[in-house]
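In what follows, a single structure is set out as structure tokens and then discussed.
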Amino acid sequence: MHVWPARIPPFPGTVLRNRRLLPAAAVFPLLMLLAFLPASGCPAATVVQPGASSTEERQIRHDTDGDGKIDRITVFDSKGGMKKLAVDSNRDGIMDRFQYYRNGRITRIEQDTNFDGTIDCRDYFTAGKRKRQERTNKKQQVYRLVLFDEKERPSLIQEDTTGSGSFDTVHYFTNGLLTSSTRDTDENGKVNVWQRYSDGKPVEQKTDSDEDGRIDGIVRYDREGLPETSRHDLDGDGKMECFRHYRNGELVQQEEDTNLDGIMDSVIIFRDNQPIEQKTDSNLDGRFDTFTTFRKGIPLTRNRDTNHDGKLDSFTTFDASGQVKERKKDTRYCGQIDRIESFAQGVPVRVQYDTDGDGFPETVTYLKNRKMDRQTRDENRDGKPEITIFFDKEGQRQRIEIDTDFDGRPDCWQKYDHGQISSQEQDENKDGRVDLKIFFKKGKKVRLVQDRDHDGYFEITEWFDKPEWSMVMEQDVNRDSKAEYRFFYKDGVLRLKEVDENGDNRPDLREHYSKDGRLLTSEEEDGNANRLNIVWFYNAAEEPVRAEKDTDNDGRTDTWFFYEQGRLTAVEEDSNRDGRPDLWERYDETETLTRRERDLDFDGRPDLVEP
């Protein structure tokens, strides 16, 4: 925003012209005439006669208006010459004007012009002619000094306009007419304002506001002495880029060419010395893209073309104090408003946003102290937000409420710590009770518990922070706080399954799966061995093709079973535990034993065949 220029003050000297003093040659005879008029021709006068000495003074006191109060005292010397005249000009009973004479000529006048009991104006005369006038303040400091020429016309005026005790303004006169003036506005001893006059009216004013030796402001006046045009160097680069136009002394238009290309990039229209309209070319492409209107000098509206495509896409309104009230934006530049910002006393309090461009602002953000306090989302446009996000004082997420089934009631709750999710609770069957809980650490999911049968007991636990596994799921079917089933996943694929049916915290069954989730092998306990002593191997169809068993629990396989299409076809056994089979059995399609062979000497070859 620009600082609007103050109205240029009228030229000095008008008071001086309107209150010219009479020449002393005219004052003295008039006073003498008043002093010696007969009683019948004027109000009563009291004559005080001198004593025996011829050197004593004589006074004449006058009540010129007949109110019973002396308002004029004339003092004569021993020779009858006027020496002093005291006048009560405002009839308050106190003399406020004193004129002093020598040899019949006036030499000094002292006045109390504001009738506060203190002399504040002194005029000095030489040979009956006024030569100097001093105006003083309550501290008796001279704040205005006037020098006069031989015809008692002002020739020089010096003024202290700030009361600092130093003259900062000087007016120069020729033949009683003001011709020029200078001002030292910062009182550092350097003149920075120069003004020329013609016929007592200003013609031109030049200013060097930063005192760098270069003129940065020029004002030209019309015949009436009122500002007509002005030029200004606002950025101090030595070049005038601001141009102002006046009518009858009032500013009507201001133009700025900030890049000095000859094309104005800011135009402000004024009425009654206040802006009413402004056009700005913010990117200096030769086209106005920002349009502001004013009421009583205060911004009312501002419309902008933010992407400079020739179409307005931002529309701002202001309140009575000139602070932003509402701003509507077309952020997609498609001709449709999709963002509405609301303000209170210039501070943003709400933002509505149409994220999908369907014309409905489904996302609403509420702000407090310029930071997000709450945000809602109404995706189905029913007026009931499905998602409500709450933020802390730092503007970070604190909790989220979600209505997953759009019934107007939240059924999922998320909590956050320092902007990262820490837990989530959900009512999946909408019975008003939480049946799913998820826990996070540093924003990552680490554990989940679920009441899958909605009986109030969380029988499912899923772990996401176990080494090697992307997820481990535990299931406590009998509600004894001990998991009977465990499922181990990698990248979402089941790779291992464990079953503890007797609750001794040791698996009774363990199944291994391939990368694509196919069953490869399984281990199980057979015959109360208290350990997994048999291993099953499966084909691509997850049919058993082989089994290996450790019957004596020595940790080494001693029996092998072979299958085809799920049917037992052969059994091999290592009876002497040398690691090699010495008993072979064959079975038919009905799994009936058809042949048995034995290696009696353990040389690896059958010695005995049994039908």
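The values are calculated or read from the model by the stated rules, or taken from the named source; none is laboratory data. Since the model is a prediction, treat every value here as computed from it, not as a measurement. When we count neighbours, we look across all protein chains shown, and the Cβ atoms used for this are built from the backbone with ideal geometry, even at glycine. To get the accessible areas, we keep the full protein, side chains included, count just its heavy atoms, and leave off ligands, DNA and RNA. Shrake-Rupley method; radii C 1.70, N 1.55, O 1.52, S 1.80 Å.
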>> Just to verify a result, which residue in the range 441-487, among those that are within 18 Å of ASP427 (Cα to Cα) and part of a strand (DSSP E or B), is most open to solvent (accessible area, probe 1.4 Å)?
In response: ARG447
>> Of everything in the range 318-341, what is in a strand (DSSP E or B) and surrounded by 16 or more Cβ atoms within 10 Å (Cβ to Cβ)? Give them in sequence order.
In response: PHE318, VAL324, LYS325, ARG327, LYS328, LYS329, ARG339, ILE340, GLU341
>> Here is a check on your reading of the model: is ASP607 of a type in the set (D, E, K, R), in contact with a strand residue (DSSP E or B) (Cβ under 8 Å, 6 or more places away or on another chain) and surrounded by 15 or more Cβ atoms within 10 Å (Cβ to Cβ)?
In response: no
> Within the range 483-490, is even one residue closer than 26 Å to THR521 by Cβ and in contact (Cβ under 8 Å) with a residue 24 or more places away in the chain?
Replying inline: yes
> If you scan the range 350-409, which residues turn out to be under 17 Å from GLN426 (Cβ atoms) and open to solvent by 70 Å² or more (accessible area, probe 1.4 Å)?
Replying inline: ARG399, PHE406, ARG409
>> Which residue is most open to solvent (accessible area, probe 1.4 Å), if the candidates are limited to the range 134-171 and must be over 20 Å from GLY200 (Cα atoms) and in a strand (DSSP E or B)?
In response: TYR143
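Taking the conditions exactly as written (touching a residue at least 40 places away in the same chain (Cβ under 8 Å), open to solvent by 20 Å² or more (accessible area, probe 1.4 Å) and under 32 Å from the mean Cα position of the chain (by Cα)), does ASN259 satisfy them or not?
no
Quick one: which residue in VAL170, VAL191, VAL146 is out of contact with any Gly (no Cβ under 9 Å at 6 or more places or on another chain), touching a residue at least 40 places away in the same chain (Cβ under 8 Å) and not small (Gly, Ala, Ser)?
Sole residue among the options that is out of contact with any Gly (no Cβ under 9 Å at 6 or more places or on another chain), touching a residue at least 40 places away in the same chain (Cβ under 8 Å) and not small (Gly, Ala, Ser): VAL146.
What do you reckon, is PHE270 more than 30 Å from THR179 (Cα to Cα), open to solvent by less than 20 Å² (accessible area, probe 1.4 Å), touching a residue at least 60 places away in the same chain (Cβ under 8 Å) and part of a strand (DSSP E or B)?
yes
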> Within the range 190-209, is even one residue in a loop (DSSP other than H, G, I, E, B) and under 32 Å from the mean Cα position of the chain (by Cα)?
Replying inline: yes
